[in-house]
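The values are calculated or read from the model by the stated rules, or taken from the named source; none is laboratory data. The structure displayed is predicted, hence computed values, not measured ones. To get the accessible areas, we keep the full protein, side chains included, count just its heavy atoms, and leave off ligands, DNA and RNA. Shrake-Rupley method; radii C 1.70, N 1.55, O 1.52, S 1.80 Å.
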Amino acid sequence: MEQLKEKIREVPDFPKPGILFYDLTTLLKDSSSLRRVIDLLTQKYSDQKIDQVVAIESRGFIFGPALACNLQAGFVPVRKEGRLPSDTISASYDLEYGQGVLEIHTDAIQKGERVLVVDDLIATGGTADATSRMVHQLGGEVASFAFIVELEFLKGREKLDGFEVFSILQY
Ligand code: AMP
């Protein structure tokens, strides 16, 4: 795990003063590290029946499709407001550095489907929580949340209380 941590670039004061940004592009360009994180996520969920991997724009999209393929699940994008072309539902969220609205297509999840929510990093848990609310509104069941990086000091998993939260690297 320390080897993976060494691959993540820590950028101070991005995108705002006071934020330490965990830049995963330096991990992604290293082929063995990229494979390792996808393999770790696949191993964690391979014996669970996951119907849909729901990933959060934009960095969740890097990991979601590869994981969905390995788990023989579908892939569903959750996007920022105004970007999905068909009928949507929305949920608002607070970010470590801002506020926003997320959307999902109304036909993206069927009632009773088991969903794995994926993003690159959990900070306050606001985006993951908003995504979970939309999945439930559509009748889906959140089986688990998965992240590459967890910023434990921001206590995001407390916002997802009652759900399984898995992260590969903790800070
Ligand atoms: P949150 O909703 O507070 O858990 O924020 C998580 C989302 O914001 C993820 O999509 C991350 O990509 C992004 N994010 C928040 N804080 C950071 C950070 N310090 N470094 C990198 N990405 C971050």
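Provide, as a two-decimal number, the C-alpha radius of gyration of region 37-83 over 2.2 N^0.38 Å, N being how many residues it has.
1.15
Average projected area of the Cα convex hull of the chain, in nm²?
Projected area, direction-averaged: 9.4 nm².
Roughly how many Å² is the accessible area per residue of region 1-87, as a whole number, for a 1.4 Å probe? Walk me through the intermediate numbers first.
Values: 5100 Å² over 87 residues.
In whole numbers, region 1-87 has 59 Å² accessible per residue.
Cross-link candidates for Lys159: which lysines have Cα within less than 29 Å, leaving aside residues fewer than 8 places away along the same chain?
Lys159 reaches Lys5, Lys7, Lys16, Lys44, Lys49, Lys80, Lys111.
Of the accessible area of the chain, with the probe set at 1.4 angstrom, what percent is carbon plus sulfur?
Answer for the chain: carbon and sulfur cover 46 percent of the accessible area.
Quick check on the chain: of the DSSP beta bridges with both residues there, what percent are antiparallel, nearest 5%?
Percentage antiparallel, nearest 5: 40.
What full-extension length gain, to one decimal in nm, is calculated for Arg83 and Gln43 as 0.36 nm per residue of separation minus the Cα-Cα distance?
Net length gain for the segment: 11.2 nm.
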